[in-house]
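The values are calculated or read from the model by the stated rules, or taken from the named source; none is laboratory data. For clarity, every value in this text was computed on a predicted model and none was experimentally measured. Heads up, the Cβs are rebuilt from the backbone with ideal geometry, glycines too, and the neighbour counts pull from every protein chain shown. Quick note on the areas: whole protein, heavy atoms, side chains included, nothing else; ligands and nucleic acids left out. Shrake-Rupley method; radii C 1.70, N 1.55, O 1.52, S 1.80 Å.
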Amino acid sequence: MTYRIRLLETEESWAVSFLDLPGCHSQGNTRKEALSNIREAITLWLEVEAEEAGVKSVETLELAMKFPGFRGSARRRR
């Protein structure tokens, strides 16, 4: 998935906000550090949100599936 962030450079450092999560912000001395820090901030924000909602566990997985009997490409029919 792709998400939008707002990244601002100031005289002192870089500030970054994740636009889809209210209050999810971070900063870093370099652009690279700010991007790394916002990834951590997003993870922590989601963990706190899940905890407050009573969710016991959150996992992100990639799932590859095979469909029995399906051969060929997944083309869209018109």
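Taking only protein heavy atoms and a 1.4 Å probe, the accessible area of the stretch 15-65 is 52% carbon and sulfur. For E33, the shell of other residues with beta-carbons less than 14 Å away shows a net charge of 0, using +1 for Lys and Arg and -1 for Asp and Glu. Computed with a 1.4 Å probe over protein heavy atoms only, the accessible surface of the stretch 1-61 comes to 84 Å² per residue.
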